[in-house]
Amino acid sequence: MERLFVILGSVLMFLGVGAGAFGAHGLRGYFEQYPNLSGIYDTAVQYLMIHGLALISVAWVTTNWTGKLANWAGYFFLLGVFLFSGSLFLLVLTRMSWFGAITPLGGIAFLAGWLCLALVAWRS
């Protein structure tokens, strides 16, 4: 699993850099028209990148400490990225505010991932 988490984390980081550049350059005019969406987009990129790094750290944890909770941390981080950042990207690009109702589910997945990671360290 460690290899998969490094690959997925690296892909998320790649997408985060690309999304950040696209937001800064490709969406500049869009954000001038809808300035309130710029901060939401930035939050989506920030959490995407933080949890890309978190997945890479999960790969390290799985090689050093045993237990299924480390894998669950990775699954929760991945789910969180799709729900949290994904819903925010969709909200920004479609301006459909109901996507914001999905975002907290991603936040809960992030919290579950961090809790699993802490429990792995605590138990090892």
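The values are calculated or read from the model by the stated rules, or taken from the named source; none is laboratory data. Source: prediction; values computed, not measured. Because the Cβ atoms are built from the backbone with ideal geometry, glycine has one as well, and the counts that use them run over all protein chains shown. Heavy atoms of the whole protein, side chains included, go into the accessibility calculation; ligands, DNA and RNA do not. Shrake-Rupley method; radii C 1.70, N 1.55, O 1.52, S 1.80 Å.
Taken together, the residues in the stretch 1-52 that are closer than 23 Å to G100 by Cα and acidic (D, E) amount to 2.
Tell me, please, whether a residue that is of a type in the set (F, W, Y), at pLDDT 95 or above and surrounded by fewer than 18 Cβ atoms within 10 Å (Cβ to Cβ) can be found in the stretch 21-30. Among the residues of the stretch 21-30, at least one is of a type in the set (F, W, Y), at pLDDT 95 or above and surrounded by fewer than 18 Cβ atoms within 10 Å (Cβ to Cβ), which makes the answer yes.
Figure legend. Inter-residue proximity from the stretch 47-70: first residues more than 12 Å from I7 (Cα to Cα), second residues part of a helix (DSSP H, G or I) and of a type in the set (S, T, N, Q), beta-carbon distance below 6 Å, spacing 6+ or different chains. Indicated pairs: Y47/S85; L48/S85; A70/T62. Scanning the stretch 88-124 for residues that are touching a helix residue (DSSP H, G or I) at 6+ places or on another chain (Cβ under 8 Å), of a type outside the set (A, V, I, L, M) and farther than 17 Å from N71 by Cα yields F89, R95, S97, F99, G100, T103, G106, G107. Is it the case, given these coordinates, that F22 is in contact (Cβ under 8 Å) with a residue 24 or more places away in the chain and either among the small types (G, A, S) or assigned to a helix (DSSP H, G or I) (or both)? Answer is no for this residue. Of the set (1) modelled with pLDDT of 95 or more; (2) open to solvent by 50 Å² or more (accessible area, probe 1.4 Å); (3) under 16 Å from A112 (Cβ atoms), all apply to Y34 but (3). Between W98, W122, W72, the distinction of being modelled with pLDDT under 95 and either crowded, with 21+ Cβ neighbours inside 10 Å or assigned to a helix (DSSP H, G or I) (or both) belongs to W122 only. Does L93 satisfy being part of a helix (DSSP H, G or I) and surrounded by 15 or more Cβ atoms within 10 Å (Cβ to Cβ)? No, not satisfied.
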